[in-house]
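The values are calculated or read from the model by the stated rules, or taken from the named source; none is laboratory data. Remember, it's a predicted structure, so these values are computed and weren't measured experimentally. Note: ideal-geometry Cβ built from the backbone for every residue, glycine included; neighbour counts use all protein chains shown. Just the protein is used for accessible areas: all its heavy atoms, side chains included, with ligands, DNA and RNA removed. Shrake-Rupley method; radii C 1.70, N 1.55, O 1.52, S 1.80 Å.
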Amino acid sequence: MMQVVLLLLGVAVSHAGRTCYKTLMDKSGDSITASKGNSIGTVDVQDVMIIEMTVSIGVLNSSPSELWESVLHIGNTNSERYPGIWFHSAAGTEGNLDGFTLSYGTTSNWNPWQDITAAGNKFTNNQVVSYKSIQTQDRLTIIQDGQTLYDGAWNPHPLASAVNVYVGDPWYEPADITITNLMIKTEESCSKTRRGEPIVGYLNSGESSGQTVTLTCKRGINAIAAIYGANCRRGDQGSLPGGERQDGPMKEECYGKTSCDYTIDHTEIGDPCSGTVKDFYYAYTCTGNKYGVNVGSLGISEASGQSFTISCEGDDMVIKVADAIYGLNCQITPRVCGASAGLAYGTSASPLDVTDDLKTECNGKSSCTYNINHGKLGDPCSCVVKDYVYTYQCVPPRLVTMDEYEDMEADIDDIVDYELVVAHGIEEGQVNMMTLFINQTSIYVKAVVIFVGLLAVYGLYKLFADKLKNKLNSNGEYQRLLNQV
């Protein structure tokens, strides 16, 4: 009721200090049985990682010759454990290792482990266990069947993008379990959260074909663009030219959905360079951002020293850069110099985010030619021939500086159009509800609100009229006036 009154009065509404949760993976409606190497998608490892799931155990120690059986593993390699969860062969026997054994990797130790069950409460065959863990950069909490089994200090963990989630990892035999109600989330502030901008992701830790990415939008996925094999080199053989957009199947699979798991398949989209381990780069927008999205790449030879031109057609449309990465392929392309030249994987180095430099050069222009220079940008992986990928939109000039206005309330933001936010100068974490009502609300909602408003005005009129009448009667004035007629 208070929100309606505020809307009618045009009062600015703001909320602060709350914590919201961003879903990284939602498999709550799926029943997933563990099998070896069973990747169910990817997530980005954040500062806060929250895992919730229900584990239905079949037979403990179902592979008697194995010391460990895999339950859940977040990581692209065995030494990436964010976390890894297993059963030990001793699971089900009272004492240490009688339940879940977990390893939550840190920046200083890839394998710090905990064996977790309540004292005197060993796991049994056909048991159903509710599990939740909360990992921050300084603490780990593990809750099982509503009971906190561990809550203590924990060293910081590394951040990573596009990390596989396995129910049954590739390195150990799978446990005889089925997982339901799986949710992986992170925390974010509700008071100021960015909306409307293109969302960018990539795969770059191994061959992308066969891996799965997850796209999510509260109100539906809109424009999609993707490049498979930006790192393909001159002379590589394949069915497609390297660095070309291959996003048709992804659009068909994901457009309009609020959540979409898309598996890259080179037999479906084409192979730009067979025999080469290829990266995958994609960007998409959500409903409310109506300006489409463009991606591009340079990778036929070393990107540094090359230039590219981006431009926007149409009246009064200019460039707005969303993302730029130099060396996306650092981890998958062989070195060309040094003692390790020719190795299948170049380096463990992360790609370099060079978005700000491209923004400085191109934002607000209708056409822009950009020169890539590793002397200016830095070199993320020396001795590796690096690619360069980028994302941009063509928007009206007033939207180029949208960063000044895009910090908005999460609950209000669900009804705010991308362009409307900037056009009406919404800032400081506040939204004027009357502005939204006039400019965006549907005609049906407007009619209902106006009708309710008129009823309220009529009700106030009746209230004061009745009070006036009662007052006149009590003083005898009303009857006296009648007698004079």
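Suppose the chain between GLN137 and ASN125 were pulled fully straight at 0.36 nm per residue; how much longer would it get relative to their current alpha carbon spacing?
Additional length available on full extension: 0.8 nm.
Beta carbons within 10 angstrom, averaged per residue: use that to sort the peptides 124-135, 308-319, 323-334, highest first.
Descending mean neighbour count gives 323-334, 124-135, 308-319.
Extension gain for GLU361 to SER35 (0.36 nm times residue separation, less C-alpha to C-alpha distance): 112.5 nm. Between THR107 and SER274, the contour length at 0.36 nm per residue exceeds the alpha carbon distance by 56.6 nm.
With R₀ fixed at 30 Å, the C-beta to C-beta distance from SER89 to VAL48 puts the FRET efficiency at about 0.35.
Please report the relative contact order for the stretch 242-401, taking Cα pairs under 8 Å with a sequence separation of at least 6, and give it as a percent rounded to a whole number.
Computed value for the stretch 242-401: 31 percent relative contact order.
Each of the peptides 395-401, 371-377 was scored by the mean count of other Cβ atoms within 10 Å over its residues; in descending order, highest first, they stand as 395-401, 371-377.
Phi angles of the stretch 162-171 translate, via the Karplus equation with coefficients 6.51, -1.76, 1.60 and θ = phi - 60°, into HN-Hα couplings of 6, 9, 5, 10, 10, 9, x, 7, x, 9 Hz per residue; Gly and Pro are given as x. Which far-off residues, 5 or more places away or on another chain, put their amide H under 5 Å from the one on GLU66, with H placed in the peptide plane? For GLU66, no residues qualify.
Ranked from largest to smallest solvent-accessible area, with a 1.4 Å probe on the protein heavy atoms, TRP154, TRP113 come out as TRP113, TRP154.
Database remark: amide H of ARG139 closer than 5 angstrom to the amide H of TRP154 (H placed geometrically; neighbours at sequence offset of 5 or more, or on other chains; Pro and chain starts carry no H).
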